[in-house]
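Down below is the structure, laid out as structure tokens.
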Amino acid sequence: MIYPIVYDLEDHYRPAAYAKVMRIIYENSISVHKLMYSAFAVETLLKPDDWVGLLSPIFDQEDNFFICEIHRPYQGWVASEEWDWLCEKSL
């Protein structure tokens, strides 16, 4: 499955938390494309609930996190490498 993982660690800058999130994303994905600073498209066998279980210990009540399945139709502006990957991988 292809999912966008989007998060925002609110109210204070926490470089260690960002690093942990990125490490978990890369370790639990078949392939990853960074779309924006805190937005990734991942190919993974995990379900959204699995990702919540992995990432929720890092987040606090002020943070935001979103994950869902990517499928056609979709639209947006990202680098051509990411767009080509999304077109190849998504249904």
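The values are calculated or read from the model by the stated rules, or taken from the named source; none is laboratory data. Values in this document were obtained by computation on a predicted structure and should not be read as measured data. Using ideal geometry, Cβ is built from the backbone for each residue, glycine included, and neighbour counts are taken over all protein chains shown. Just the protein is used for accessible areas: all its heavy atoms, side chains included, with ligands, DNA and RNA removed. Shrake-Rupley method; radii C 1.70, N 1.55, O 1.52, S 1.80 Å.
Report whether or not E81 is touching a residue at least 12 places away in the same chain (Cβ under 8 Å), loosely packed, with under 13 Cβ neighbours inside 10 Å and in a loop (DSSP other than H, G, I, E, B). So E81 does not fit the description; no. Quick check on my filter: what residues within the range 68-78 are among the aromatic types (F, W, Y) and open to solvent by less than 60 Å² (accessible area, probe 1.4 Å)? Listed by number, the list holds a single entry, Y74. Screening the range 32-67 for residues that are of a type in the set (A, V, I, L, M) and part of a loop (DSSP other than H, G, I, E, B) and picking the one that is most open to solvent (accessible area, probe 1.4 Å) gives L45. Could you tell me whether the range 50-65 includes any residue that is touching a Ser or Thr at 6+ places or on another chain (Cβ under 6 Å) and without any contact (Cβ under 8 Å) to a residue 60 or more places away in the chain? Scanning the range 50-65 turns up no residue that is touching a Ser or Thr at 6+ places or on another chain (Cβ under 6 Å) and without any contact (Cβ under 8 Å) to a residue 60 or more places away in the chain. Taken over the range 21-49, residues that are modelled with pLDDT under 95, of a type in the set (K, R) and more than 9 Å from the chain's Cα centre (by Cα) amount to 0.
Here is the figure for the range 3-31: residues that are closer than 17 Å to K89 by Cβ, in contact (Cβ under 8 Å) with a residue 12 or more places away in the chain and either loosely packed, with under 15 Cβ neighbours inside 10 Å or of a type in the set (S, T, Y) (or both) total 4.
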